[in-house]
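Peer 1: The following block contains the structure, expressed as C-alpha cells.
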Amino acid sequence: MGPESAKKRKSSYILLPCGWGSCQESFENELKLNDHLTEHINGLPQRKWDVDEEDDSKLICIWRGCDFKTVCDEEIARHIYYHGYYSNLLLRGKWECEMSPEIPTCCAPARNGEKLPELNGNFHCGWTDCNRSFVSVVEFQDHIEQHASFEYEIQKSPDDQRPKTQCNWSMCHKKLDNKYRLIEHISTHSNKKQMACYHCGELFRTKTTLFDHLRRQPDNNTHKYQCGQCFKFFATEKLLRSHVLRHVNCHKCTMCDMTCSSSSALTTHIRYRHLKDKPFKCGLCDTRCVRQSDLAKHEQIVHAKTGHNCVQPGCQYSVRTYNQMRRHILEVHGQNPIFYACHCCERYFKVGKSLSMHLISKHGFQLPSGHKRFTYRIDDKGFYRLETMRIESLEVTQQILAPQLKPPDEIDAQPPMGSCYEIVNPTNVEHERVIVSNDANEAEYLGEVVISLPSLEEEE
C-alpha cells in the first residue's frame, strides 16, 4: 500500500467527535472541529455559560467529563478549544498504536479524563513583526504554518527553487533546507504536538517518540541492550544510542573547565557557580534562592517543618527530607544499604562527603576544575565509586587542552564579571549558542536558547 493510500485510509478512520454538552457531531480534521467549537462559543449569549451552584461567579466547562471552573470568559473558551485539540492528539495516538500491534501497550497510570495543562494566557506569535495572539491553540498552530509557507515563497528565487529558508521567529535565525523543514522546525517554537498516548495522556511531537515512550517503560523493557557506563537496560538500540549521548560532555563553560552533556545542565552550572543573583527571597527569613523550586524546598524544610513518615507497617520513623527517607527504606526495609567505596584502599563510607574528604586527605585527590564536588556512580556490585573517566567530545577536549591565549594587555582590559554570559557549542557546522542573562535585552546574539533570569530589582 503506497503512502498516499495509507494517508487516505488514515483520514477515513479518524473522526473527531465534538464533546460539547450533548453534541454528537464528528469532523474529519481539527480545523473543522475548531470552527464548530467557535460556533458553539459564539452561539452563547454573554455570560451564559453553565455556572457553579456554590459560587455563581465561576463558569463551568461544558465539555463532557470535565469539571474545570474559572471566572474568566476568555479562559474557559481557551480551555474548550484546547479540548478539541487534545482529543485529536489522543485519537491520532490511539490510531497509530492500533496500526502497529507489535508496539507494547502503555503501563503508566491511566489518565483521569483529558489531561489538559494550565492555560494562563493566550497563544502569542513570536514571528518578527507579528504581534497576534490567539485564544484557540489550533488557530495559533495554523497561523504559524502559514508564516513558514509565506516565508518560503518570498525567499525563493527563479534560479533557486529550493533555497535555504530562514526562520524569523524572535531570537532565532536558523536556516532550513526547505519549507517542510521550516514547518517542522517552527513547531519547536510553538510547542506543537502531533499525538498523545491514549492511555496516560502524555503528549508527543512524533510517532517515534510515542513508540519510544511505550517501549522504555519498565514493564515493557526487554533488557536487550545495556549501557556500558551506567549499566541501565533498554529495549531497543535506538533508545540506548540516545541514552549514551547523555554521558558525552559536549558543552564547555567559558569561565572554567566544567563540561556538561546538555545546554540545560551548563545553564544550571552557570547560574549557581558564576552568577551572583538570587532573585527569590523567603518571606519569613533573609534567605535568597536561585530558583523558585529551591525556595519552595527551603520553606518546606525550615519553616513548614513538614516531614516524611515511613509507610512500612509498624515503623514510626520520620524525617524532613525525601533523600533521608529513601536511604532509610533501602537500608532498613529493603536490606540494600548505600555504601561509598574508595577505589584506592577499599574503605567504605555511608555518605559521599566522608569519601570525598578521605580522597583529598589520604590520597591527595583534588576537585576537577569547575566542580564543587566529586561525582560518584554506582558500579555493578552496588557500591558508589569515584567517577574516574569523563567522556567529552573532541571539540570540548580541544578547548580545554589548547585554550586561546590573549595578550596581557587584553586580559587586563577585560571588563569585570557581568551578568550576561555566552556559551558556545561548536559541535555543529553552525555554532549553537546559549545566552544566560539577567536581562534579555543584554544579549545581542539571538541564538538557539535564551534564558533570562529575573533580576533582584524586578523581584523587589
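No value in this document is a laboratory result; all are computed from the given coordinates. The shown structure was predicted, so the numbers you read here are calculated from the model rather than taken from an experiment. Don't worry about glycine lacking a Cβ; one is built from the backbone with ideal geometry, like all the others, and counts go over all protein chains shown.
Peer 1: Along Cα→Cβ, 7 Å out, is where each label goes; now give me the distance between the ones at CYS72 and ASP257 in nm to one decimal.
Peer 2: 5.1
Peer 1: Another question, then. For a quick check: with amide H placed at 1.01 Å from N, whose amide H comes under 5 Å from CYS107's, ignoring anything fewer than 5 positions away on the same chain?
Peer 2: Under 5 Å from the amide H of CYS107: no residue qualifies.
Peer 1: Under the Karplus relation 6.51 cos²θ - 1.76 cosθ + 1.60, θ = phi - 60°, what is the ordered set of whole-Hz ³J(HN,Hα) values for segment 21-27, x standing for Gly and Pro?
Peer 2: Taking θ as phi minus 60°, the curve returns x, 9, 5, 10, 6, 10, 9 Hz for segment 21-27.
Peer 1: Just want to confirm a number: the relative contact order over segment 279-394, from Cα pairs under 8 angstrom separated by 6+ residues, in percent.
Peer 2: On the way: 116 pairs, mean separation 14.9, N = 116.
Relative contact order comes out at 13 percent.
Peer 1: Starting with the fewest neighbours, write out PHE233, PHE27 ranked by other beta-carbon atoms found within 10 Å of each beta-carbon.
Peer 2: PHE233, PHE27
Peer 1: Which percent of the Cα-Cα distances in segment 242-383 go past 26 Å? Could the numbers behind the result be given before it?
Peer 2: Details: 4936 of 10011 pairs.
When every Cα pair of segment 242-383 is considered, 49 percent fall beyond 26 Å.
Peer 1: Given points 7 Å out from each Cα along the Cα-Cβ axis, report the GLU98 to LYS115 separation in nanometres with one decimal.
Peer 2: Rounded to a tenth, the inter-label distance reads 2.1 nm.
Peer 1: If r is the Cβ-Cβ distance from GLU145 to CYS345 and R0 is 56 Å, what FRET efficiency results, to the nearest 0.05?
Peer 2: Efficiency for this residue pair is about 0.35.
Peer 1: Grab segment 308-392 and count how many Lys pairs have their alpha-carbon atoms under 18 Å apart, sequence gap of 8 or more, or different chains.
Peer 2: Numbers: LYS350/LYS362; LYS350/LYS381; LYS353/LYS362; LYS353/LYS372.
So the count of such lysine pairs works out to 4.
Peer 1: Which value, in Å to one decimal place, does the Kirkwood hydrodynamic radius take for segment 308-392 when every pair of different Cα atoms is included?
Peer 2: Value: 14.6 Å, from the Cα pair sum.
Peer 1: Between ALA265 and VAL319, how many nm apart are label points set 7 Å from Cα along the C-beta direction?
Peer 2: According to this spin-label approximation, the distance is 2.6 nm.
Peer 1: Further, regarding this structure: Could you list the residues of segment 187-228 with an amide nitrogen less than 13 Å from a label point located 7 Å from the Cα of CYS107 in the Cα-to-C-beta direction?
Peer 2: Backbone N within reach: 214-224.
Peer 1: Could you list log10 I(q)/I(0) for segment 336-383 at q = 0.23, 0.25 Å⁻¹, which the Debye formula gives when each Cα is one point scatterer?
Peer 2: Relative scattering, expressed as log10 I(q)/I(0), comes to -0.87, -0.99.
Peer 1: Quick one: what are the phi-derived ³J(HN,Hα) couplings along segment 229-236, Karplus 6.51/-1.76/1.60 with θ = phi - 60°, whole Hz, x for glycine and proline?
Peer 2: 9, 10, 6, 6, 9, 9, 7, 10
Peer 1: So, one more: Per residue, what volume in Å³ does the Cα convex hull of segment 165-287 take up? Walk me through the numbers before you get to the answer.
Peer 2: Numbers: hull volume 27.6 nm³, N = 123.
Value for segment 165-287: 224 Å³ per residue.
Peer 1: Moving to a separate point now. Going by how many other Cβ atoms sit within 10 Å of their own, how do MET357, MET195 line up, fewest first?
Peer 2: Neighbour counts put them in this order, fewest first: MET357, MET195.
Peer 1: Can you work out the Karplus-derived ³J(HN,Hα) for every residue in segment 201-217? Use 6.51 cos²θ - 1.76 cosθ + 1.60 with θ = phi - 60°, whole Hz, and x for glycine or proline.
Peer 2: With the stated coefficients, segment 201-217 comes to x, 5, 9, 9, 7, 9, 5, 4, 5, 5, 5, 5, 4, 6, 6, 7, 5 Hz.
Peer 1: Follow-up question, since we're still on this one. Please give the direction-averaged projected area of the C-alpha convex hull for segment 13-118, in square nanometres with one decimal.
Peer 2: 7.9
Peer 1: While we're on this one: Given R₀ = 35 Å, FRET efficiency for GLN366-GLU331 by Cβ-Cβ distance, to 0.05?
Peer 2: Rounded to the nearest 0.05, the efficiency is 0.65.
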